[in-house]
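J.: Structure incoming, see below.
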Amino acid sequence: MPHPLGDRPSKIIAVHLNFPSRAKERGRTPSEPSYFVKPPSSLAGTGDPLGRPAGCELMTFEGEIALVIGRRAHRVTPAEAWEHVGWVTAANDAGVHDMKYADRGSNLRSKGADGFTPIGPRLLDARAVDPHGLRIRTWVNGEPVQDDTTDTLLFPFATLVADLSRLVTLEAGDVILTGTPAGASVVSPGDTVEVEVTAGDASTGRLSNTVVEADALPGWGAMPKAAEADRADAWGSAYRAAPALDEDLAAALRELSTATLSSQMRKRGLQHMSVDGVHPAGGAGVKMVGTAHTLRYLPLREDLFERYGGGMNAQKRAVEELRPGQVLVMDARRDASAGTIGDILALRAQRRGAAGVVTDGGLRDSATVAGMDLPVFHAGAHPAVLGRRHVPWDTGLPISCGGALVQPGDILVGDADGVVVIPPDLAAELVRDSAEQEAQERFITERVAAGEPIEGLYPLGPRWRAAYETWRRDHDL
C-alpha cells in the first residue's frame, strides 16, 4: 500500500535518542538532540514488506512518531515551531545492524535501504492533537513490545523542529522521526511489526509490515558482518544484561546442590549469597540454573502508578526482554502481600525460553504456575495484583532480592533448599570444589549408614583419607 504522503519528501531526518526509557536502555542521556538522515527512497506504506538482505541476522524495528512538515520552516523559534507541523503519523525506523560497521555513524546502509521507513497508514492533523499527549505502541506478532507517551520526552517536538531549522530548511512534506521508546529489538523473516500512534480517541491505525528474506547483496562493497557488540546493540538491554551461560558449566551446576554451593562461597568469605525467604512453586524436584535479568519494583504511589504501571510497563518489558537461559529476578522489597507475577506472564517467560523466575514478593495463580515447566521461586502465594503494593519501575540494573545483591549476568542456581547467587568469575572453581565436597559427603554418608561414628569422619579427617581416595577410584570420580 502506498505511504500516505503522496509526493516524496525532500528529506527524512531521524533523532537518535529522545524517550527517557530508551536513553536508560542505552545507558546515556544526551544534553542536545542528535540526528541522522534517511533517503526518501526508504519510504514505504503499511503492508509493504521489510526486506532483510540474505546474510544479515540483525534486522531491528523501532516504533516511532513521525512529524510531517506542513509549511516551510527556516530558523523558527520553539514557540513558532508547532505551527509548521502539518501532520503526525506512525513510523517504523527499521534497519540492519549487520551493516552499521561500514557507515561510520551515518546509518546510510544500515537504515537507509529501500522500504526501511514505513509510515502511516493515516495522518493526524497536527492542529487537532496535543504534542505532549500522544501515545505510541508497537507489537511484534501481536505481542506488545513498546508503549510510551510524549509527556516526558527529552526534547519536545517543537524543540526538534526549531533546532533543525536553525541550519536546515525544512520543506513541506519533510519527515522527522522523533525517536523510539524502550523495547526496540531484533525481528526475523515471518515476524510482523505493527505501530500505532493515538491522540485520545484519534488513531493513525496500525502500521503493519512483515519481515521477509530478501536477495543477497551483490558481492562488491561492504558486506554484512556482525560482532558481539553489534548483537548487543541490536537486541537491547537484555542481551547486555546476561550473556549466555556456557552449556558445560550450566550442566555441571545442575549436578550440584545449593547447600554445597553456599558452603563453598562461605569459605571464600561470601556470606550473603542466598535469596532468603523464597521457595519453589513446583515442589521438591525443581532445579534451576541461569543468568540474571533483573526487575525492580518500588512502593506503590497512586499518583505515579498510571504512568509507570500501565501499558507496556517495566514488568511486561522485563518479560519481553528475556532471552533463552535467563532467570527473571525481581526485587519486590520482600513484600509478598501482592502478586509480582502470575500465570500469563509466567507462561510468556516460559515461551521466551526463560530458565526460571525468582521474586521475593508474592505469586498469583500459584497452582497453575506450579504445573508449568518453568522453575518459579517466590515468597508466598497471594491473590492481589501488583498495584496493591508495587510500582514496576525499571529493568537491567543491580537489585536486592531476598537480601542478596543480584547484578545482571550473575548466575542463579535454585533447588528445593532455595536460591543462591554465584559471581560468574567464580563459577568454574566453585564447580570444581563443590564436586569434590559432594564426593566426600557421599563417601561419608555411606560410612555413617554402615555404622561408623562421625568423629574424624565428618568432616573428613586424615584417618579416613586413604580409604576415601580408594573409594573415589573405585567409583571413577
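The values are calculated or read from the model by the stated rules, or taken from the named source; none is laboratory data. These figures come from a predicted structure and were not determined experimentally. Positions of Cβ are backbone-derived with ideal geometry, glycine not excepted, and every protein chain shown enters the neighbour counts. What goes into the accessible areas is simple: the full protein's heavy atoms, side chains included, and nothing from ligands, DNA or RNA. Shrake-Rupley method; radii C 1.70, N 1.55, O 1.52, S 1.80 Å.
J.: Please identify the pairs in which a residue from region 432-443 that is over 12 Å from Tyr468 (Cα atoms) and charged (D, E, K, R) has its Cβ atom under 6 Å from the Cβ atom of a residue that is surrounded by 15 or more Cβ atoms within 10 Å (Cβ to Cβ) and at pLDDT 85 or above, counting only partners at least 6 apart or on another chain.
T.: Asp433/Gln264; Glu438/Thr260
J.: A further question follows. Determine if region 233-245 includes at least one residue that is in a strand (DSSP E or B) and of a type outside the set (A, V, I, L, M, F, W, C). Steps first, please.
T.: Step one: list which residues in region 233-245 are in a strand (DSSP E or B), which gives none.
Checked region 233-245: no residue is in a strand (DSSP E or B) and of a type outside the set (A, V, I, L, M, F, W, C).
J.: Yes or no: Asp130 among the acidic types (Asp, Glu), over 30 Å from Ala349 (Cβ atoms), open to solvent by 20 Å² or more (accessible area, probe 1.4 Å) and assigned to a loop (DSSP other than H, G, I, E, B)? Working first, answer last.
T.: Numbers: among the acidic types (Asp, Glu): yes; over 30 Å from Ala349 (Cβ atoms): yes; open to solvent by 20 Å² or more (accessible area, probe 1.4 Å): yes; assigned to a loop (DSSP other than H, G, I, E, B): yes.
Considered against the rule, which asks whether it is among the acidic types (Asp, Glu), over 30 Å from Ala349 (Cβ atoms), open to solvent by 20 Å² or more (accessible area, probe 1.4 Å) and assigned to a loop (DSSP other than H, G, I, E, B), Asp130 comes out as yes.
J.: Continuing with this model, one more query. Working only within region 263-275, note down all residues that are closer than 13 Å to Ile411 by Cα and among the small types (Gly, Ala, Ser).
T.: Ser274
J.: Can you tell me which residue is surrounded by the fewest Cβ atoms within 10 Å (Cβ to Cβ) among those in region 1-21 that are assigned to a strand (DSSP E or B) and in contact with a Phe, Trp or Tyr (Cβ under 7 Å, 6 or more places away or on another chain)?
T.: At the first step, the residues of region 1-21 found to be assigned to a strand (DSSP E or B) are 12-15.
After this cut, where a residue has to be in contact with a Phe, Trp or Tyr (Cβ under 7 Å, 6 or more places away or on another chain) as well, the list is 13-15.
Numbers: Ile13: 20, Ala14: 25, Val15: 25.
Among them, the one singled out is Ile13.
J.: I would also like to ask the following. Would a scan of region 130-146 turn up a residue that is over 22 Å from Ala234 (Cβ atoms) and either among the aliphatic types (A, V, I, L, M) or at pLDDT below 90 (or both)?
T.: Yes, the conditions are met somewhere in region 130-146.
J.: Read through the list (1) open to solvent by 40 Å² or more (accessible area, probe 1.4 Å); (2) not in a strand (DSSP E or B), then give the number of the only condition that Trp464 fails.
T.: (1)
J.: Just to be sure I understand the filter: pairs with C-beta atoms under 7 Å, separated by 6 or more residues or on different chains, first member in region 384-399 and within 20 Å of Asp343 (Cα to Cα) and aliphatic (A, V, I, L, M), second member part of a helix (DSSP H, G or I) and open to solvent by 70 Å² or more (accessible area, probe 1.4 Å). Which pairs pass?
T.: Taking only residues 6 or more apart or on different chains, the pairs are Val391/Tyr308.
Condition check ((1) in contact with a Pro (Cβ under 7 Å, 6 or more places away or on another chain); (2) more than 22 Å from Ala23 (Cβ to Cβ)) across all residues:
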| site | (1), (2) |
| --- | --- |
| Pro121 | yes, yes |
| Val129 | no, yes |
| Gly133 | no, no |
| Ile136 | yes, no |
| Asn141 | no, yes |
| Gln146 | yes, no |
| Leu154 | yes, no |
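J.: Okay, next question. Could you go through region 407-415 and let me know if any residue there is over 22 Å from the mean Cα position of the chain (by Cα), under 16 Å from Asp360 (Cβ atoms) and in contact (Cβ under 8 Å) with a residue 40 or more places away in the chain. Let's see the steps before the verdict.
T.: Residues of region 407-415 that are over 22 Å from the mean Cα position of the chain (by Cα), as a first pass: 414-415.
Going one step further and asking which of them are under 16 Å from Asp360 (Cβ atoms), we end up with 414.
Remaining after also requiring in contact (Cβ under 8 Å) with a residue 40 or more places away in the chain: 414.
The answer is yes, given that some residue of region 407-415 is over 22 Å from the mean Cα position of the chain (by Cα), under 16 Å from Asp360 (Cβ atoms) and in contact (Cβ under 8 Å) with a residue 40 or more places away in the chain.
J.: Is region 250-257 home to any residue that is without any contact (Cβ under 8 Å) to a residue 12 or more places away in the chain, part of a helix (DSSP H, G or I) and open to solvent by 30 Å² or more (accessible area, probe 1.4 Å)? Can you show your working first?
T.: In the first step, residues of region 250-257 are kept if they are without any contact (Cβ under 8 Å) to a residue 12 or more places away in the chain; the result is 251.
Filter once more, so that each one left must be part of a helix (DSSP H, G or I): 251.
Retained after the next criterion (residues that are open to solvent by 30 Å² or more (accessible area, probe 1.4 Å)): 251.
Yes, the conditions are met somewhere in region 250-257.
J.: With respect to Arg166, is the statement that it is at pLDDT 95 or above, assigned by the TED database to the domain that holds Thr204 and in contact with a strand residue (DSSP E or B) (Cβ under 6 Å, 6 or more places away or on another chain) true? Walk me through it before giving the result.
T.: Values: at pLDDT 95 or above: yes; assigned by the TED database to the domain that holds Thr204: yes; in contact with a strand residue (DSSP E or B) (Cβ under 6 Å, 6 or more places away or on another chain): no.
Answer is no for this residue.
J.: Report, by residue number, each residue of region 275-301 that is within 25 Å of the chain's Cα centre (by Cα), of a type outside the set (A, V, I, L, M, F, W, C) and either closer than 17 Å to Leu405 by Cβ or not assigned by the TED database to the domain that holds Ala367 (or both). Give the derivation first.
T.: Step one: list which residues in region 275-301 are within 25 Å of the chain's Cα centre (by Cα), which gives 275, 278, 280-281, 287-301.
Remaining after also requiring of a type outside the set (A, V, I, L, M, F, W, C): 280, 287, 290-291, 293-294, 296-297, 299, 301.
Once the filter is applied, which keeps residues that are within 25 Å of the chain's Cα centre (by Cα), of a type outside the set (A, V, I, L, M, F, W, C) and either closer than 17 Å to Leu405 by Cβ or not assigned by the TED database to the domain that holds Ala367 (or both), region 275-301 yields Thr291, His293, Thr294, Arg296, Tyr297.
J.: Of everything in region 213-225, what is out of contact with any Asp or Glu (no Cβ under 8 Å at 6 or more places or on another chain) and either open to solvent by less than 60 Å² (accessible area, probe 1.4 Å) or on the phi > 0 side of the Ramachandran plot (or both)? Give them in sequence order. Can you show your working first?
T.: Taking region 213-225 as the starting set, the residues that turn out to be out of contact with any Asp or Glu (no Cβ under 8 Å at 6 or more places or on another chain) are 213-223.
Ala214, Gly221, Ala222, listed by residue number.
J.: Which residue is surrounded by the most Cβ atoms within 10 Å (Cβ to Cβ), if the candidates are limited to region 145-190 and must be over 27 Å from the mean Cα position of the chain (by Cα) and closer than 22 Å to Asp48 by Cβ?
T.: Looking at residues that are over 27 Å from the mean Cα position of the chain (by Cα) and closer than 22 Å to Asp48 by Cβ, I get Val175.
J.: Another question about this same structure. Condition (residue is open to solvent by 60 Å² or more (accessible area, probe 1.4 Å), of a type outside the set (Asp, Glu), over 26 Å from Arg317 (Cβ atoms) and touching a Phe, Trp or Tyr at 6+ places or on another chain (Cβ under 8 Å)) applied to region 443-450: is it met by at least one residue? Steps first, answer last, please.
T.: Step one: list which residues in region 443-450 are open to solvent by 60 Å² or more (accessible area, probe 1.4 Å), which gives 445-450.
Still in the running and of a type outside the set (Asp, Glu): 445, 447-450.
This time we only want the ones that are over 26 Å from Arg317 (Cβ atoms), so: 445, 447-450.
Okay, now just the ones that are also touching a Phe, Trp or Tyr at 6+ places or on another chain (Cβ under 8 Å), so 447-448.
Checking region 443-450: at least one residue is open to solvent by 60 Å² or more (accessible area, probe 1.4 Å), of a type outside the set (Asp, Glu), over 26 Å from Arg317 (Cβ atoms) and touching a Phe, Trp or Tyr at 6+ places or on another chain (Cβ under 8 Å).
J.: Of everything in region 314-332, what is out of contact with any helix residue (DSSP H, G or I) (no Cβ under 9 Å at 6 or more places or on another chain) and either open to solvent by 10 Å² or more (accessible area, probe 1.4 Å) or farther than 15 Å from Cys401 by Cα (or both)? Give them in sequence order.
T.: Going residue by residue through region 314-332, those that are out of contact with any helix residue (DSSP H, G or I) (no Cβ under 9 Å at 6 or more places or on another chain) are 324, 327, 329, 331.
Result: Pro324, Asp331.
J.: Taking the conditions exactly as written (over 15 Å from Thr260 (Cα atoms) and at pLDDT 90 or above), does Leu405 satisfy them or not?
T.: Yes.
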